[in-house]
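Asker: I have a structure I would like to understand better, so I am pasting it below and will then ask my questions one at a time.
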Amino acid sequence: MSDGAMTIDAAAVPARAARRTLPAHGSRRTYSAYALVAPAAALMLVMLLGPLAGVIALSFTDYQLGAPHFSWIGLANYQDLFADKVFWIALRNTLTYVVVVVPGAVIAGLAIALLIQSGTSLRSLYRTIYFLPVMATLIAMAVVWEFMLHPQFGLVNGLLRGAGLPAFAWLQDRSTALYALCAIGIWQAVGFNMVLFLAGLVSIPKQLYEAAEIDGASSGWARFRLVTWPMLGPVTTFVVVVSGIRSFQVFDTVHVLTKGGPSKSTEVLIHTMYTEGFEFFRSGYAAAITVVFLVFVLALTLIKSRLADRGVHYT
Amino acid sequence: MAQIELSTIRKSFDGTDVLKGIDFRIEDGEFISLVGPSGCGKSTLLRIIAGLEPQNSGQVRIDGRPVDGIRPSARNLAMVFQSYALYPHLSTFDNIAVPLRMRRLSAIERLPLLGPLLPGRRAKEHGIRADIAAIAEQLDIAPLLRRKPGQLSGGQRQRVAVGRAMVREPLAFLFDEPLSNLDAKLRVHMRAELAELHRRLKTTFVYVTHDQAEAMTMSSRIAVMMGGELIQVGTPAEIYNDPGDIRVAEFIGSPKINILPGRVWKDGGIDVLGSALRLACGATAGECRVGVRPERIDLGAGPFSGNVVHLENLGAEAFVHLAIEGAGLRLIARLADVRHLPAMGSHLAFGFASDAVQVFDSIGKRIPLKVEQAERVREPAHV
Amino acid sequence: MSNTHSVSLQAVLRHLLLIAGAAIMLAPFIWMISTASKPQTEVFSSELHLIPYRFALWDNLREAFAKANLLRFLLNGVIVTISIFVLQVMVALPAAYALAKLRFRGRDTLFALVLFGILIPPQATAIPVFLLLHKVGLLDSYAALVLPFTISAFGIFLMRQFFKTVPDDLVDAARMDGISEFGIVWRVMLPAAIPAVTAFGIFSVVAHWNDYFWPLIVLNSEQLRTPPLAVAHFRNNEAGTSYGPLMAAAMVIIAPLVIAFLFAQRRFIEGITLTGIK
C-alpha cells in the first residue's frame with residue numbers, strides 16, 4: 001500500500017512536466033480518447049439521438065409498419081390527433097393521473113419521512129417497509145392489486161363491507177377506475193419519495209434547529225416553518241418534478257389491468273401511443289403522440305433545471 | 001445581565017461520563033472562557049447552560065432562578081454557533097429578525113400570507129426594522145442586510161451571527177468556538193472586536209474555545225476544563241503564572257512550558273537536573289516535575305547547559321531549542337533580542353530565577369513553596 | 001426535554017401513524033401471500049380471512065410452475081439484466097474516463113449530448129428503435145431486449161462524475177508505470193469506481209428486471225419472456241379462475257429482488273435513489 005502511495009507522489013511532478021513539453025504524447029493520448037468514446041458515441045447516435053430525431057421525422061409521415069412506401073404529409077398526423085376525441089381523453093386522463101399522484105405521493109412521502117425522522121426507534125424497519133413497493137415488480141403487484149380490488153372476493157371491498165360501507169367495482173367502473181390506478185401509483189411511488197426526503201432531512205445541519213430553539217421557535221411547527229421546509233426546498237421541487245415525469249409515463253398498470261377501459265376512462269398517452277404504434281402499426285400517428293408526450297416531459301425537465309439553479313442555498 | 005450558577009452538573013453519553021460534577025459561578029457581566037482540549041466537556045457544559053442538552057443531575061440557575069426543564073428559547077440567552085447556524089434561505093436582515101419576530105409576533109401574525117394583513121403587524125414590523133437598523137449600525141453590517149449568508153465572507157457571517165444574538169438583548173451570550181472557522185489573521189481581528197463588544201454591552205459572555213490564546217486575550221476569567229472536570233478558574237494572569245496543576249501549566253502558554261525532572265529531598269530541598277534549587281517546600285520526598293516558562297529562561301549564564309539544535313526566528317522574538325546532554329531532554333527558551341542569536345550547534349549555558357519555577361508533584365499537583373524561603377528566592381539571580 | 005410525558009406521547013403517536021401507514025404499504029404483499037396459500041374454495045369466498053384454513057401454498061406453487069415455465073422466465077430475466085449491465089459498463093466506463101480525464105476536441109459537445117441523452121425517456125425512442133430492429137431482423141430475440149439499453153447516458157454521466165473525484169496523480173502514476181489508456185480504465189479506474197459501479201448496477205438490474213414496456217413490444221415467442229411479461233400473460237390466461245397460482249407466480253417473480261433488497265437494504269436504496277438524479 002505504502003509503496004503504491006510513494007509511486008504516486010514521485011510520478012506526479014514529472015508527468016505534469018511531460019505534458020507541457022512533449023505534445024507528441026498528448027496527441028497519442030487524443031487518439032486513445034477517441035477510441036475510448038467511440039462505442040458510446042456510436043451507440044448514442046444509433047439508439048438515442050437518431051431515434052429521437054427519427055420519431056420527430058416520423059410524425060410528419062404516414063408510415064405504417066410493413067408498408068412499401070411512405071410519404072411526407074406535413075402536419076396531417078397532428079391535425080388528425082387534435083381532431084381525435086380519444087387523444088383528448090387520453091391527455092385529460094394522463095393529466096388527471098399526474099395531478100392526483102404527484103401531490104399524493106409527494107405529501108405522503110414527506111409526511112412519512114418526517115415521522116420516521118422525528119424519533120430514533122425502528123427507523124430502518126419503517127424505511128424498509130415503505131420502500132418495499134419500489135422494489136417489487138410493478139406488473140406482479142398490479143396483478144395483486146387487481147385481486148385486492150376484486151368486486152366480490154377482494155380485500156378492499158371485504159373491509160368496506162365489514163365496516164358497513166358500500167362496495168365498488170373499482171376497476172370495472174368508469175367513475176373509479178382511473179382513481180384506483182392513481183392509488184396504485186401513489187402506493188408505488190411513496191417509498192421512493194420518502195427516501196429522497198429522508199436524505200434531504202439528514203443533510204440539514206443540526207445547529208440550525210438549535211439556533212431556532214434559541215431564537216424562540218419553541219413549537220415543532222415553528223421549527224418546521226423556519227428550518228425544515230425552506231431547507232427541503234430544493235429536494236421538494238426535485239421530488240415533485242421526478243414524480244411528475246414518472247406519472248406522465250404511466251403505462252404498466254393501465255395495460256395489464258384495464259387496457260384503457262372501461263370505455264376509455266383510463267386511456268393514457270403512452271397507452272394510446274402503444275396501441276396505435278404496436279397494435280395497429282400506425283407508426284407515423286403514434287410518433288405524433290410521442291412528440292406530444294415528449295413536449296410535456298421536457299417542459300417538466302426544464303422547470304426542474306430552472307428551479308434547481310435557484311434553489312441552491314449554501315456554497 | 002445575569003449571574004449563572006452551576007451546581008454539581010453531571011452528564012454522561014452512552015455510559016461515558018462527560019461532565020463529572022461541575023460547580024461554578026459565572027458573575028454578572030464577566031467575560032468567562034471555558035477552555036480545554038477537545039473532548040473535555042466544555043461544549044457540553046455550554047449546551048447545558050443553553051438548555052439544548054439536559055444534564056443528568058445538578059442544577060443550572062440564572063439570576064438565582066432554576067432553569068432546568070425550561071426551554072432554550074425561554075431562558076433568554078443568545079448563542080453564537082461554531083458554524084454560525086445562519087438560516088441559509090433568509091437574508092441577513094431576516095436572519096437577525098427571527099428572534100424578534102418569534103417573540104413579538106403571535107403565531108397567526110407569522111403566517112406567510114395572512115400575517116401581513118393583520119392590523120398590529122405593521123407597527124411591530126416597524127419596531128423590528130428600527131432595532132435591526134441599530135444593530136447593523138453598531139456591527140457595521142448595514143450594507144449586507146439584503147444579502148444571503150451564502151454571499152457573505154466568514155468574518156461577515158460571524159458578525160451577522162453576533163447581530164442575531166445581540167438584537168434580542170439577552171441575559172447572557174454563549175459562544176461555541178465562534179472563531180475556529182476563520183483564518184488566523186481574521187481570528188486575531190475578531191478577538192479584538194469581541195472583547196470590545198463585551199466592554200460596550202457589559203453583559204455576561206460565556207465563551208467556549210480550545211484555543212488558549214483566545215481565552216488569554218479576551219476573558220476576564222478563564223475556567224480550564226479537562227476530562228469532564230473543572231481544574232482551575234482564575235484571571236488569565238493567575239492561570240498563566242500560578243497554575244494549580246501541571247495539565248493547566250502545559251495547556252496554557254505557547255510555546256509550551258518546559259518541564260524538567262526534579263526531586264524533593266527529605267529536608268524539603270528541591271533538585272532539578274541534578275542541581276539544587278535555592279527553594280524548599282513541605283512536600284514529602286520523591287520525584288517531582290519542575291516547570292519553567294520559555295521567557296523565564298536566561299541564556300548565556302547558569303548552572304545548566306545544552307546544545308542549540310534548532311532556531312525559530314520570528315523577527316520580533318526568537319525561540320532557541322536546546323538539547324540537554326545526558327538527560328534526553330529538549331527545552332525551548334525565548335530570546336527577546338534577535339540581534340544576538342546563538343549559532344546552531346553551539347554549546348550554551350542557561351539558568352533561571354528561582355521565582356520563575358513552578359514545582360509539581362508526581363500526580364501533577366502544584367507544590368506550594370515555603371514562605372520562609374521567600375527571602376532566599378529574591379537574593380541571587382541565578383541558581 | 002420539556003417533560004417526559006409529552007415525549008412518550010409523541011413517540012406513541014409516531015409509531016401508531018407509521019404502523020397504520022405500514023399496514024397499507026404491506027397490505028398487497030400480505031394479501032398476495034395469503035391468497036397464494038389458500039385453496040381455490042377459500043379464495044372464492046366472500047368471507048374475509050387472511051390465514052387459510054387449509055394451507056395450500058405448495059399446491060399453488062406447483063400449479064403455477066406447471067402452467068407456466070416460470071424457471072425459464074426467471075432465467076431469461078437473469079440473462080437479460082446481466083447482459084444489459086455488463087454491456088452498459090463496457091460501453092460507459094471508457095467513455096466516462098475519457099470525458100473525465102482526457103482532453104480532446106469535441107469533449108464538451110459529447111458531454112452535452114450525454115446530458116441531453118439522460119432526459120430522453122425510453123418511451124420516446126421506442127418506435128424508431130423498434131423499426132430499426134425490424135429492419136435488421138432482430139425482433140423477438142435476446143438481442144432485441146438487450147441492445148437498445150447497452151448505451152446508458154445516465155451511466156456515463158454517473159461514472160464521469162465519479163472519475164472526476166479520482167486524483168489526476170493516480171492516473172499520471174499509472175502512465176509513468178507504463179499502463180496504456182485502455183489499461184488505466186480497467187486496471188486503475190474500475191477498481192477505484194467499484195462503489196459507484198455497484199450502485200449503478202443495482203439501479204440498472206432493478207430497472208430492467210421490472211421493465212414491462214419494451215419486452216412487451218419486441219417479444220413474441222413464449223420461451224423468451226421476461227418475468228413481468230410472464231406474470232402478465234399468466235394473468236391474461238388464468239384470471240378469474242385460478243387466483244391462488246397467479247398470486248404464487250407473482251410471489252416467485254418479485255422474490256429475487258425483494259430478498260436481495262432485504263439483505264442489502266442500504267445499497268439498494270442508494271442504487272435506486274440514483275434515479276433521483278436522473
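The values are calculated or read from the model by the stated rules, or taken from the named source; none is laboratory data. The structure presented is a predicted model; accordingly, all values stated were derived computationally and were not measured. Don't worry about glycine lacking a Cβ; one is built from the backbone with ideal geometry, like all the others, and counts go over all protein chains shown. Just so you know, the surface numbers come from the protein's heavy atoms only, side chains and all, with ligands and any DNA or RNA stripped out. Shrake-Rupley method; radii C 1.70, N 1.55, O 1.52, S 1.80 Å.
Asker: Can you give the mean number of other chain Cβ atoms that lie within 10 Å of the Cβ atoms in peptide B:79-92?
Answerer: That average works out to 5.
Asker: Counting Lys and Arg as +1 and Asp and Glu as -1, what is the net charge of the other residues whose Cβ lies under 15 Å from the Cβ of B:Asp242?
Answerer: Around B:Asp242, the charge tally is +2.
Asker: With an 8 Å Cα cut-off and a minimum separation of 6 or more residues, compute the relative contact order for chain B in percent. Before the final figure, lay out the partial values.
Answerer: Working: 770 pairs, mean separation 59.8, N = 383.
The normalised contact order for chain B reaches 16 percent.
Asker: Could you state the orientation-averaged shadow area of the convex hull built on the Cα atoms of chain B, in nm² to one decimal?
Answerer: 23.9 nm²
Asker: Given the peptides C:106-119, B:150-163, C:88-101, arrange them by the average over their residues of other C-beta atoms within 10 Å, most packed first. Provide the component values of the computation, followed by the final result.
Answerer: On the way: C:106-119: 15.7, B:150-163: 19.6, C:88-101: 24.4.
In descending order of packing, they fall as C:88-101, B:150-163, C:106-119.
Asker: Follow-up. Can you tally the net charge around B:Ser91? Count Lys and Arg as +1, Asp and Glu as -1, for every other residue whose Cβ sits under 9 Å from the Cβ of B:Ser91.
Answerer: Working: positive: B:Arg146, B:Arg147, B:Lys148; negative: B:Asp94.
The answer is +2.
Asker: With point charges of +1 on the Cβ of Lys and Arg and -1 on the Cβ of Asp and Glu, referenced to the Cα centre of the protein assembly as shown, which listed residue (C:Ala232, A:Leu171, B:Gln59) lies farthest in the positive direction of the dipole?
Answerer: Value: A:Leu171.
Asker: So if I take the alpha carbon set of the stretch B:255-378, get Rg, then get Rh from the Kirkwood formula, what is the Rg over Rh ratio?
Answerer: Radius of gyration over Kirkwood radius for the stretch B:255-378 works out to 0.99.
Asker: For a protection proxy built on the mean count of beta-carbon atoms within 10 angstrom, sort A:208-217, B:177-186, C:11-20, B:80-89 highest first, please.
Answerer: Going by the mean number of other Cβ atoms within 10 Å, highest first, we get A:208-217, B:80-89, B:177-186, C:11-20.
Asker: At a probe radius of 1.4 Å, what is the per-residue accessible area of B:Asp355, in Å² to the nearest 10?
Answerer: The accessible area of B:Asp355 comes to roughly 100 Å².
Asker: Net charge around B:His189, counting only other residues with Cβ within less than 15 Å of its Cβ (Lys, Arg = +1; Asp, Glu = -1)?
Answerer: -1
Asker: Determine, at each q value in 0.20, 0.21, 0.23 (inverse angstroms), the log₁₀ of I(q)/I(0) that the Debye formula gives when each Cα of the stretch C:95-205 is one equal point scatterer.
Answerer: Debye intensities relative to I(0), on a log10 scale: -1.10, -1.15, -1.25.
Asker: Restricting attention to the alpha-carbon atoms of the protein assembly as shown, what are Rg (one decimal) and Dmax (integer), both in Å?
Answerer: 37.3, 121
Asker: Could you work out the relative contact order of the stretch C:125-278? I mean the mean sequence separation of Cα pairs under 8 Å and 6+ apart, divided by the number of residues, in percent. Mind showing how you got there, number by number?
Answerer: Working: 85 pairs, mean separation 45.0, N = 154.
Reported relative contact order: 29 percent.
Asker: Please give the total accessible area that chains C and A bury against each other, computed with a 1.4 Å probe and expressed in Å² to the nearest 100.
Answerer: 8700 Å²
Asker: A further question follows. Which residues of the stretch C:241-262 end up with at least 40 Å² less accessible area in the presence of all protein chains than when their chain stands alone, using a 1.4 Å probe?
Answerer: C:Tyr243, C:Met247, C:Ile254, C:Phe261
Asker: Here is a follow-up. Along its three principal axes, how long is the stretch C:4-65 when you only count alpha carbons? Whole Å, largest extent first please.
Answerer: Dimensions of the stretch C:4-65 along the principal axes of its Cα atoms: 55, 25, 15 Å.
Asker: Under 27 Å between alpha carbons, and skipping anything fewer than 8 positions from B:Lys266 in its own chain: which lysines qualify?
Answerer: B:Lys365, B:Lys370
Asker: Just to make sure I understand: if all protein chains stay in place, what is the order of C:Trp31, A:Trp221 by accessible area at 1.4 Å, largest first?
Answerer: Sorted by accessible area, descending: A:Trp221, C:Trp31.
Asker: State, as an integer percentage, the relative contact order of chain A based on alpha-carbon contacts under 8 Å between residues 6 or more apart.
Answerer: After rounding, I find 26 percent.
Asker: How many Cβ atoms of partner chains, on average, are near each residue of A:223-234 if near means within 10 Å of its Cβ?
Answerer: For peptide A:223-234, the averaged partner shielding equals 2.
Asker: Expressed as a whole percentage, what fraction of the accessible surface of the protein assembly as shown belongs to carbon and sulfur atoms when a 1.4 Å probe is rolled over the protein heavy atoms? Don't skip to the end; give the middle numbers.
Answerer: On the way: 26250 of 43110 Å².
Of the solvent-accessible surface of the protein assembly as shown, carbon and sulfur hold 61 percent.
Asker: If I ignore ligands, DNA and RNA and count only protein heavy atoms, how much of A:Ile107 is accessible to a 1.4 Å probe, in Å² to the nearest 10?
Answerer: 110 Å²
Asker: Rank these residues by their accessible area, most exposed first, probe 1.4 Å: A:Trp88, C:Trp58.
Answerer: C:Trp58, A:Trp88
Asker: To the nearest whole number, what is the average tally of beta carbon atoms from other chains within 10 Å of the beta carbons of peptide A:269-275? Please list the in-between numbers first.
Answerer: Working: counts 1, 5, 0, 0, 4, 6, 0.
The shielding value for this peptide is 2.
Asker: Right, here's the next one. Would you mind giving the total buried accessible surface between chains A and B, with a 1.4 Å probe and ligands, DNA and RNA left out, rounded to the nearest 100 Å²? Don't skip to the answer; put the middle values down first.
Answerer: Values: alone 19280 and 18350 Å², together 35460 Å².
Buried area between the two chains comes out at roughly 2200 Å².
Asker: Starting from a Cα-only point model with no solvent, please compute log10 I(q)/I(0) by Debye for chain A at q = 0.08, 0.15 1/Å.
Answerer: -0.59, -1.22
Asker: For the full complex of protein chains and a 1.4 angstrom probe, list C:Ile202, A:Ile289 by accessible area with the highest value first.
Answerer: The most accessible residue leads, giving C:Ile202, A:Ile289.
Asker: Using a 1.4 angstrom probe, figure out how much accessible area the protein assembly as shown has per residue, in square angstrom, rounded to the nearest whole.
Answerer: The answer is 44 Å² per residue.
Asker: List the extent of the Cα atoms of chain C along each of their three principal axes, largest first, rounded to whole Å.
Answerer: Sorted from largest, the Cα extents of chain C read 74, 71, 33 Å.
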